[in-house]
Amino acid sequence: MESIQDLLAPKKTNIPINEDPKTGEVSLPGAITVKLRDLHHFLELLQIGEANRHAANTKLNTESSRSHAILMVNIRRSVPGKVEDDISYQDKITKGNFPIVRKSKLLIVDLAGSERLDKSGSEGLLLEEAKFINLSLTSLGKCINALAENCPHIPTRDSKLTRLLRDSFGGSARTSLIITIGPSSRHHAETTSTIMFGQRAMKIVNVVKLKEEFDYESLCRKLEAQVDLLTAEIDRQQKLRQSEKSGLEKQLRECQDCFQETRKTLVTRSE
């Protein structure tokens with residue numbers, strides 16, 4: 001229905017898409033971002049998302065998906081520096097060796113199948129869902145056709161699906177497409193169009209690029225830790241100097257008292 005829903009928090013619907021004007025990167029700030037602990041945790045999240053996905057019974061499928069599903073996994077890996085520890089942070093940044101982080105995004109997409117209304121028998125809400133499913137798949141097909149024919153304009157803004165998958169076709173991502181067909185002669189037309197869709201997609205050439213950038217967050221944490229250590233060391237030295245100052249003042253008072261006593265003794269002896 002051209003509405004983005006968070007399958008990990010089903011109450012969140014109509015989530016807007018944000019696009020960075022500088023990098024063009026697309027994000028969904030309204031969706032929940034979960035930090036993965038291990039593979040078991042990852043599988044649990046998959047099961048939760050699949051359980052919250054809407055399905056319905058039609059004449060063609062008892063569990064027909066009424067929406068497309070997209071799994072987004074963001075991966076960050078720090079690249080260890082190759083410079084000596086005695087070089088300053090400014091020199092490390094200037095030489096481009098430290099600190100660097102590699103960023104990657106894994107998209108796993110399950111597209112809902114296109115429906116012929118005379119075969120699926122969809123009515124009411126199911127009919128509206130089928131219209132939007134077919135509309136988004138048509139937009140995806142237009143983008144793939146434009147890329148296959150090297151058109152200067154790619155209509156990625158025609159659908160929210162194509163906006164989210166923009167990097168997957170014609171971008172810098174490594175992309176695989178799996179098409180599903182049925183052996184029944186009754187669905188010969190759908191099978192033919194699906195195969196042609198896959199053939200057009202095979203003509204698209206993606207240029208895989210390594211995405212690296214300075215890890216400013218890591219550098220900031222290291223500098224903050226270094227500032228904390230230096231601050232603690234300064235406080236320790238100040239306390240030490242204060243203690244030494246107190247000790248010297250005490251010795252000075254003792255010497256002054258001793259001097260006064262000696263002076264009184266000498267005066268008494270002289271008298």
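Along its principal axes, what span do the Cα atoms of segment 1-56 show, with the longest given first and each in whole Å?
That gives 36, 32, 15 Å along the principal axes, largest extent first.
How large is ³J(HN,Hα) for each residue in segment 181-189, as worked out from phi by the Karplus curve 6.51 cos²θ - 1.76 cosθ + 1.60 (θ = phi - 60°), to whole Hz, x for Gly and Pro?
My calculation for segment 181-189 gives 10, x, x, 5, 5, 5, 10, 4, 5 Hz in order.
By average Cβ neighbour count within 10 Å, what is the ranking of 54-62, 67-75 from highest down?
67-75, 54-62
Who wins for biggest fluctuation among 47, 199, 242 in a Gaussian network model of the chain, springs between alpha carbons below 10 Å?
Sorting by GNM fluctuation, first place goes to 242.
For segment 217-270, go through all pairs of different Cα atoms, get the mean of 1/r, take its inverse, and jot down that Kirkwood value in Å.
One over the average 1/r among Cα pairs gives 14.8 Å for segment 217-270.
Which one of 65, 183, 124 is farthest out on the positive end of the charge dipole of segment 18-214, using unit charges on Cβ (Lys, Arg +1; Asp, Glu -1) and the Cα centre as origin?
Result: 183, furthest along the dipole toward the positive end.
Mind scanning 22/142; 11/103; 12/142; 59/119 and naming the pairs with a C-alpha gap bigger than 18 Å?
Those over the limit are 22/142; 11/103; 12/142.
If the only charges are +1 at each Lys and Arg Cβ and -1 at each Asp and Glu Cβ, what is the size of the charge dipole of the chain around the Cα centre, to the nearest 20 debye?
The calculation lands at about 340 debye.
Counting other C-beta atoms within 10 Å, and keeping those with at most 14, which DSSP coil GluC sites (Glu not before Pro) do you find in segment 103-142?
123
Among the trypsin sites (Lys or Arg not before Pro) within segment 103-175, which fall in a DSSP loop and have no more than 15 other Cβ atoms within 10 Å of their own Cβ?
Answer in residue order: 116, 174.
Reported to two decimal places, what Rg/Rh ratio describes segment 124-208 when computed on Cα atoms with Rh from the Kirkwood expression?
Using only Cα positions, Rg/Rh for segment 124-208 is 1.00.
Under unit Cβ charges (Lys, Arg +1; Asp, Glu -1), what dipole magnitude, rounded to 20 debye, does segment 173-251 have relative to its Cα centre?
The calculation lands at about 360 debye.
So which residue, out of 246, 184, 172, gets the largest mean-square fluctuation from a GNM of the chain using Cα contacts under 10 Å as springs?
Between 246, 184, 172, it is 246 that shows the largest mean-square fluctuation.
Taking the simple approach of a point 7 Å from Cα along Cα-to-Cβ for both residue 186 and residue 212, what is their distance in nm?
The modelled label-to-label distance comes out at 5.7 nm.
Say we join alpha carbon atoms closer than 10 Å with springs in a Gaussian network model of the chain; which of 141, 182, 121 then has the biggest fluctuation?
182
Students often get this wrong, so try it: which of [x] 1, 4, 8, 11, 11, 11, 10, 7, 5, 4, 4, 3, 3, 3, 2, 2, 2, 2, 2, 2, 1, 1, 1, 1, 0, 0, 0, 0; [y] 1, 6, 12, 15, 15, 14, 12, 10, 7, 5, 3, 1, 0, 0, 0; [z] 1, 5, 12, 17, 20, 18, 14, 8, 3, 1, 0 is P(r) over Cα pairs in 5 Å bins from 0, in percent as calculated from the structure shown?
[x]
Using a Förster distance of 51 Å, how high is the FRET efficiency between residue 17 and residue 232, based on the Cβ-Cβ distance and rounded to 0.05?
0.65
Using a Förster radius of 35 Å, what is the FRET efficiency between residue 119 and residue 52 based on their Cβ-Cβ separation? Nearest 0.05, please.
0.80
Laboratory data are not the source of any read-out in this text; all were calculated from the coordinates shown. Given the structure is predicted, the values throughout are model-derived calculations rather than measurements. So basically every Cβ, Gly included, is an ideal-geometry build from the backbone, and we count neighbours across all protein chains shown.
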